[in-house]
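Visitor: Input: one structure, supplied below.
The values are calculated or read from the model by the stated rules, or taken from the named source; none is laboratory data. All of these numbers come straight from a predicted model, not from anything done at the bench. FYI the Cβ positions are ideal-geometry reconstructions off the backbone, even for glycines, and counts take in every protein chain you see. The protein model used for the area step is the full one, side chains on, heavy atoms only, and it has no ligands, DNA or RNA in it. Shrake-Rupley method; radii C 1.70, N 1.55, O 1.52, S 1.80 Å.
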Amino acid sequence: MQIRTDRLILREITLDDWPAVLAYQRDPQYLRYYAWTEDRSEDDVRAFVKMLADLQHQQPRRKFQLAITLPGDDALIGNCGIRRKDGKDFEADIGYELSPAHWGRGYATEAARAMVAYGFEELKMHRVSSWCIADNVASARVLEKAGLRPEGRLRLNEHFKDRYWDTLLFGVLREEWQAASR
C-alpha cells in the first residue's frame with residue numbers, strides 16, 4: 001500500500017526502518033510527551049517496528065500504519081496510521097509521529113489528512129477520532145488542521161514521567177469531512 005500526497009510518500013513500514021525510528025525515538029524533543037525515555041534500546045525499537053510491519057498481514061486488515069517518507073528519499077521520517085477500533089467497524093482512530101528534525105514543515109498535518117481521507121474514502125468510516133496530551137499544542141494543531149474537531153478534555157487521565165497529564169479528544173464525522181472537502 002502506498003499513498004502519495006503533494007510532498008510525501010506514505011508506504012508500508014519495513015523491518016529495515018528501525019534505525020530511523022530509533023534515532024527520533026531517542027530524541028529528547030520527541031520524548032517530551034511519551035512515557036519512553038532516552039534509553040530506548042535497539043531491541044525495543046526493533047520490536048515496535050516489527051509490530052507495525054506485522055499489521056500488514058492481518059486478515060482482514062484493520063490497522064494501517066505507514067512510513068512517512070519524502071519523494072526521492074525512501075528514508076522514514078515518521079509514521080502515520082489509521083486503525084479501526086476493536087468491535088467498531090464504523091470508527092477508526094489516527095495517530096502519527098514525526099522526527100523532530102522535520103517538525104514545523106506541515107508534514108504531520110499532510111500525512112494525517114491523507115490518513116483521514118483514506119479512512120473515509122477507502123475504509124468507509126463513519127467517524128475518525130484521535131487524542132493527544134493537552135500540553136502538546138503542536139499535535140493538537142495537527143489534528144485540527146487535519147479536519148478533526150475538539151470534542152473534550154480528560155483531566156489527568158494519563159500517567160507517565162512521574163506526573164499526570166490531561167488529554168484532548170478530537171473527532172470528525174464523514175458528513176463533516178465531506179462538507180469541508182468540497
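Visitor: Looking at the range 151-163, is at least one residue touching a helix residue (DSSP H, G or I) at 6+ places or on another chain (Cβ under 7 Å) and over 23 Å from Leu22 (Cβ atoms)? Please lay out each step first, then the result.
Guide: If we filter the range 151-163 for residues that are touching a helix residue (DSSP H, G or I) at 6+ places or on another chain (Cβ under 7 Å), which is where we start, we get none.
Looking for residues that are touching a helix residue (DSSP H, G or I) at 6+ places or on another chain (Cβ under 7 Å) and over 23 Å from Leu22 (Cβ atoms), one finds none in the range 151-163, hence no.
Visitor: Here's a follow-up. Please state which of the following conditions Asp74 fails to meet, knowing it meets all the rest: (1) modelled with pLDDT under 95; (2) not in a strand (DSSP E or B).
Guide: (2)
Visitor: Let me ask something else. Being in a strand (DSSP E or B) and of a type in the set (D, E, K, R) is the filter here; which residues of the range 133-180 pass it? Lay out the reasoning, then the answer.
Guide: Going residue by residue through the range 133-180, those that are in a strand (DSSP E or B) are 133, 149-160, 163-173.
The answer is Arg149, Glu151, Arg153, Arg155, Glu158, Arg163, Asp166.
Visitor: While we're here: Which residues, taken from the range 139-182, are under 17 Å from Glu122 (Cα atoms), modelled with pLDDT of 95 or more and loosely packed, with under 14 Cβ neighbours inside 10 Å?
Guide: Glu175, the sole residue that qualifies.
Visitor: Filter the range 47-61 down to the residues that are in contact (Cβ under 8 Å) with a residue 24 or more places away in the chain and over 15 Å from the mean Cα position of the chain (by Cα) and list them by number.
Guide: Scanning the range 47-61 gives Lys50, Gln56.
Visitor: Right, another one. Do you know which of the residues in the range 88-108 that are assigned to a strand (DSSP E or B) and in contact (Cβ under 8 Å) with a residue 40 or more places away in the chain is nearest to Glu121 (Cα to Cα)?
Guide: Of the residues in the range 88-108, the ones assigned to a strand (DSSP E or B) are 88-98.
Next, from what is left, pick out any that are in contact (Cβ under 8 Å) with a residue 40 or more places away in the chain: 94, 96-98.
Values: Ile94: 15, Tyr96: 19, Glu97: 23, Leu98: 24 Å.
That would be Ile94.
Visitor: Further question: Considering the range 52-76 alone, what residues qualify as being over 18 Å from Ala23 (Cα atoms) and exposed (fewer than 12 other Cβ atoms within 10 Å of the Cβ)?
Guide: Listed by number, the residues that qualify are His57, Gln58, Gln59, Pro60, Pro71, Gly72.
Visitor: Here is a further query. Hey, does the range 28-38 have a residue that's under 22 Å from Ala101 (Cα atoms), touching a Gly at 6+ places or on another chain (Cβ under 9 Å), in contact (Cβ under 8 Å) with a residue 60 or more places away in the chain and surrounded by 16 or more Cβ atoms within 10 Å (Cβ to Cβ)? Explain how you work it out, then say what you get.
Guide: First pass over the range 28-38, keeping only residues under 22 Å from Ala101 (Cα atoms): 28-38.
With touching a Gly at 6+ places or on another chain (Cβ under 9 Å) added as a condition, the list becomes none.
No.
Visitor: Considering only residues that are within 9 Å of the chain's Cα centre (by Cα) and closer than 18 Å to Gln58 by Cα, which ones fall in the range 77-92? Step through it out loud before you land on a result.
Guide: Keep residues of the range 77-92 that are within 9 Å of the chain's Cα centre (by Cα), which gives 78-82.
The answer is Cys80, Gly81, Ile82.
Visitor: Another question, then. Confirm whether Asp16 is in a loop (DSSP other than H, G, I, E, B), open to solvent by 80 Å² or more (accessible area, probe 1.4 Å) and of a type in the set (D, E, K, R).
Guide: Numbers: in a loop (DSSP other than H, G, I, E, B): no; open to solvent by 80 Å² or more (accessible area, probe 1.4 Å): yes; of a type in the set (D, E, K, R): yes.
In short, no.
Visitor: Ok, one more. Return the total of residues in the range 78-94 being open to solvent by 10 Å² or more (accessible area, probe 1.4 Å), in contact with a strand residue (DSSP E or B) (Cβ under 9 Å, 6 or more places away or on another chain) and more than 12 Å from Gly119 (Cβ to Cβ).
Guide: 1
Visitor: A further question follows. Residues being open to solvent by 20 Å² or more (accessible area, probe 1.4 Å), out of contact with any Asp or Glu (no Cβ under 9 Å at 6 or more places or on another chain) and touching a residue at least 40 places away in the same chain (Cβ under 8 Å): count how many of those fall in the range 124-138.
Guide: 1
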